[in-house]
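The values are calculated or read from the model by the stated rules, or taken from the named source; none is laboratory data. Since the structure is predicted, the reported quantities are computational estimates derived from the model, not experimental observations. Glycine gets a Cβ as well: all are built from the backbone with ideal geometry, and neighbour counts include every protein chain shown. Surface areas here come from the heavy atoms of the whole protein model, side chains and all, with no ligands, DNA or RNA. Shrake-Rupley method; radii C 1.70, N 1.55, O 1.52, S 1.80 Å.
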Amino acid sequence: MKKNRIIVIGGGYGGLRVVEKLAKNPQNEIILFDKNPYHFMQTDVYDLIANEDDFAQVTVDLFTFCSGFESNVTFLKQEVGNIDFKNKKVITCVQRYSYDYLVIAAGARTKFASDVIGLREYAHGIKSLHRAMYFKQKFEMSLFRKVDEGGTSCTPINIVVAGAGLSGVEIAAQMASFSKEFYKNNNFICRKLNIVLVNSSKHVLGGFEEELAGKTDKRLRELDVIIKNERKVVEVTQNSVKLSGGEILDMDFMIYTGGIEPNGLVNNLALDKNERGYIVSNKYLQSQNYSDVFAIGDCTTIYNNDKIVPPTADTAEQMGELCAKNINNLISNKPLIEHHIKSRGVLIALGRGYAVARVFGFYFSGYFAYIMKNIIEKVYSKRLEIRSRKGCKKIFCE
């Protein structure tokens, strides 16, 4: 019996979930493509930067993960350059690969605003692991230099975080919390750290409920994070940031979390896209142009009751599950299922031992919310780890 060849592009949250679900059907032959050999758990990036986790704890090896299934899943570390939809072929730098069904889960990258002078040259995004690792090392070296100069002069470390969405507030809070404990626990005399959060909206977490935004604002101020609301970054140099209104901030390094855009592959694809460059998908998560091509995760935009569903790990996983069901239904000539995906909750880590949360309409804050977030993240990583460990044993023991 002919097998169904399914290609999945992207080893992010949505891509891995669709592989897990499709692999249950032994008639599905699945190939996962990614230019990186690992899955990066971006929801844990704040812990990585603040030394709560090392890079091994926020990644999963895709070779061992895919080997953890039966023989119907293969991982190829190749960057997809384009797709020939008419002839149903995925094009990489190595060769062309035929498919029966295709899932595009290519994700998104940091969008560096082109009209901000010096932003791309001097600011750091954290959507990718190598950028997060670079910033982590720079942060650690800055802390060391302050310790090293203790007793002579003590100039502050000036960190600017541009963008007060989920990523921006979590990173600012975690760095502030870590630094306070670092200086206190180690009895260093030099303790100057300035973290400035630049926010274009009236309040942090613009677009979120007042309950979450208010508690987040309060927590950030308790951690001595300086919040500059209704300001925009207009120019960045090697050691300064200029804001709208003319204010100039000293800067040792800057993190930019001001927005995302589809990854470069999406720009090359001959598919319908919306005004922001995201793939247009229908209510079944199929591309508007081809019924055998699905788009999930951050590379597409979906709506629920005419409102955009936020692009989070939670929604990407839901999309992955439904995508797998609909591909199996196409194979079996069964009706497709419409999506009714919505955010099941928001969990925002704001430093050690504190988080704010909304889960199924209920609000929590403090240590309980922090534990809840940690449990959810650990359950997710443990599931992948078990699969990866199984694959590792197959590779090294067979």
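Quick notes on this one:
- Accessible area expressed per residue, the chain, with surrounding protein chains retained (probe 1.4 Å, Å²): 48 Å²
- Gaussian network model of the chain, Cα within-10 Å springs - most flexible of TYR303, TYR354, TYR13: TYR303
- For the range 317-398, the equivalent ellipsoid built from the Cα gyration tensor has semi-axes of 32, 25, 6 Å, listed from largest to smallest.
- Percent of C-alpha pairs per 10 Å bin, the range 198-262, short to long: 19, 46, 31, 4
- DSSP bridge pairs, the chain: antiparallel proportion in percent, nearest 5: 50 percent
- Net length gained if the chain between LYS283 and ILE117 were fully extended (0.36 nm per residue, minus Cα distance): 55.8 nm
- Within the listed set ILE327, ILE308, ILE337, the Gaussian network model of the chain (springs between alpha-carbon atoms below 10 Å) gives the highest mean-square fluctuation for ILE308.
- Relative to its residue count, the range 72-201 spans a Cα convex hull of 201 Å³ per residue.
- Loop-located trypsin sites (Lys or Arg not before Pro) in the range 203-279 whose Cβ has at most 12 other Cβ within 10 Å (DSSP): ARG276
- Annotation for ARG352 and ILE371: the two label points, set 7 Å from Cα along the Cα-Cβ direction, are 1.8 nm apart.
- Cα pair distances exceeding 17 angstrom across the range 308-348, given as percent: 37 percent
- Across all directions, the average flat footprint of the convex hull enclosing the Cα atoms of the range 1-160 is 12.9 nm².
- Accessible carbon and sulfur surface of the range 196-344 relative to its total accessible area, %, 1.4 Å: 44 percent
- Kirkwood-based Rg to Rh ratio, the range 1-93, C-alpha trace: 1.04
- Reachable aspartates and glutamates from LYS394, criterion Cα separation under 18 angstrom, eight or more residues apart if same chain: GLU20, ASP61, GLU70, GLU385
- Restricting attention to the range 225-351, the count of lysine pairs at 8 or more positions apart or across chains with alpha carbons under 30 Å apart stands at 20.
- Rounded FRET efficiency, nearest 0.05, which uses the C-beta distance separating ASP272 from GLU209 and R0 of 30 Å: 0.35
- Using a Gaussian network model of the chain in which every pair of alpha carbons under 10 angstrom is joined by a spring, one finds that among ASN158, ASN305, ASN229 the greatest mean-square fluctuation is at ASN305.
- Counting only Cα atoms, the chain measures 76, 50, 44 Å along its principal axes, largest extent leading.
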